[in-house]
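The values are calculated or read from the model by the stated rules, or taken from the named source; none is laboratory data. All values derive from a computational prediction rather than experimental measurement. Don't worry about glycine lacking a Cβ; one is built from the backbone with ideal geometry, like all the others, and counts go over all protein chains shown.
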Amino acid sequence: MKDKFSKVEQGIVSNAERVADRVEKDLGMYRKSVFERFPFLMIGLSTFGLVSVLYSFEKFIDSIPFLADRPVYILLLGLAAMTLTGTIYKRLQ
């Protein structure tokens, strides 16, 4: 009885893996074709997203009176953030 369930389980898992592989293959081809067909649209949307995030960071920092009046502290906080992330990155490798 246990072997029967094991075989059924293996069949279901293998079918699910085949379906997932097929979907990934089909969507991968479509995704590549969209990027290849509309490169300027994709570059434009990506650039807009990056600029929007940076602009929102600027507006957020300007809304904090302590930081808006002291650009040196913004620079020091930015350097500290880069140092911290670099240290974390180095330790995780």
Checked the range 43-73 for anything surrounded by 10 or more Cβ atoms within 10 Å (Cβ to Cβ) and more than 26 Å from the chain's Cα centre (by Cα); matches are 62, 64, 67, 68, 70, 71, 73
Check: Are any of the residues in the range 3-24 among the basic types (Lys, Arg) and either modelled with pLDDT under 80 or touching an Asp or Glu at 6+ places or on another chain (Cβ under 8 Å) (or both)?
Finding: yes
Considering residues that are at pLDDT 95 or above and of a type in the set (Gly, Ala, Ser), the number found within the range 44-79 is 3
ask   = Condition test on residue 34, is it at pLDDT 80 or above and either surrounded by 10 or more Cβ atoms within 10 Å (Cβ to Cβ) or in contact with a His (Cβ under 8 Å, 6 or more places away or on another chain) (or both)?
value = no
Here the residues within the range 55-70 that are outside any helix (DSSP H, G or I) and either in contact with a Leu (Cβ under 9 Å, 6 or more places away or on another chain) or among the aliphatic types (A, V, I, L, M) (or both) are 64
